[in-house]
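To start, the structure under review is shown below, and the notes come after it.
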Amino acid sequence: MGKNYDGAIYDGRFQDYDADLGFWREQAQRFGDPILELAFGTGRVGLALAREGYSIFGLELRETMLKRARKRVEEENLDINLVQGDMRGFNLGKKFPLIILPFNSLAHLLSYEDLGKMLQSVAAHLAPRGRFVFDYLNPSLKILSRDPEDWYPSAEYTDDQGQKVVVKEKTCYDSASQINRVTLHYSCDDGQEFEDDILMRMYYPQELKALLDCSGWEIEDRLGDFSGSKFSSESPKQIVFCFPR
């Protein structure tokens, strides 16, 4: 497991990101609970929904993420059931009117086989008339075509020990596999430096639409951003509402 998936480092990079929370609150209000969040992480989205009274189930593969999430759930006494598991194959013995996969986590499914297994598991857990909603980036050719040796600013944060951490990134895209290798370089106040990679599978809009269709899913709606704009070629996001046929 790379350092990028360490709960503390993950929290540092994304501690101030909240652009999607209003959208997920709207979906919770629309579809009701209990809500299953896949790739729960340290709980940025799920905790926000639980604070508003929704019953949340969180599925997360990595223990270091779950450890931080559990601590927050206990401290705030929230209605969240956390389960360690893989979104490519899980059985919770429960149906949900809403299953969500936020924050580009679809990119961690590196193959069609991985995607298919996830969709099968989700279908088995959706209640009648339930919806699976995920947000995923609209691949940017400008970013994917960057020189793989060029570094770009990524984030700055203060870690749990009070140190300032500066993060920069570079990308190396393999068009054959459609996998983008993102290398993150961390520089800390105490002089410590380290690098780590994240692999992200790029799913293009028509490709993703076809994959859902071939897997037996109906797309109800596609949005292009969290304000509700319809998806277009200029959209930063692919936000998909779907259900199994």
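Please treat every number below as a calculation from the coordinates, not as lab data. Small disclaimer: the values here were computed from a predicted structure and weren't measured. Counting neighbours? That spans all protein chains shown, and the Cβs are built from the backbone with ideal geometry, glycine included.
For each of Met202, Met87, count neighbouring Cβ atoms within 10 Å of the residue's Cβ, then give the residues from fewest to most.
Going from least to most buried by this count: Met202, Met87.
Over all alpha-carbon pairs in region 32-174, figure out the percentage whose distance exceeds 18 Å.
64
Treat the chain as a sphere of radius equal to its Kirkwood radius over Cα pairs and apply Stokes-Einstein at 37 °C in a medium of 0.692 mPa s; give the translational diffusion coefficient in µm²/s, rounded to a whole number.
In µm²/s, the coefficient is 174.
May I ask you to derive the FRET efficiency for His185 and Asn77 from their Cβ-Cβ distance with R0 = 30 Å, giving the value to the nearest 0.05?
0.20
In region 1-89, what is the volume of the convex hull around the alpha carbon atoms, normalised per residue and reported in Å³?
Taking only Cα atoms, region 1-89 has a hull volume of 96 Å³ per residue.
Give the lysines whose C-alpha is closer than 22 Å to that of Lys237, dropping any in the same chain fewer than 8 places away, or say none.
Lys237 reaches Lys142, Lys170, Lys209.
Just in region 213-245: which GluC sites (Glu not before Pro) are loop by DSSP and have at most 13 other Cβ atoms within 10 Å?
Answer by residue number: Glu234.
Give me Glu149, Glu207, Glu74, Glu169 ranked fewest to most by other Cβ atoms within 10 Å of their Cβ, as a rough exposure proxy.
Glu149, Glu74, Glu207, Glu169
Just grab the label-to-label distance for Ser233 and Gln84, each label 7 Å out from Cα along the Cβ direction, in nm (one decimal).
If labels sit at Ser233 and Gln84, their model points lie 4.7 nm apart.
Full-extension gain between Lys164 and Glu195, please, as 0.36 nm times their residue separation minus the C-alpha to C-alpha distance.
Extending this stretch completely gives an extra 9.5 nm.
At q = 0.20, 0.23, 0.25 Å⁻¹, what base-10 log of I(q)/I(0) does the Debye formula yield for region 122-193 when every alpha carbon is treated as an equal point scatterer in vacuo?
With one equal scatterer per Cα and no solvent, log10 I(q)/I(0) is -0.87, -0.98, -1.08.
Between region 35-103 and region 202-245, what is the separation of their alpha carbon centroids in Å?
Here the answer is 23 Å between Cα centres.
Quick one: Leu47, Leu211, fewest Cβ neighbours within 10 Å first, how do they rank?
Final ranking by Cβ density, sparse to dense: Leu211, Leu47.
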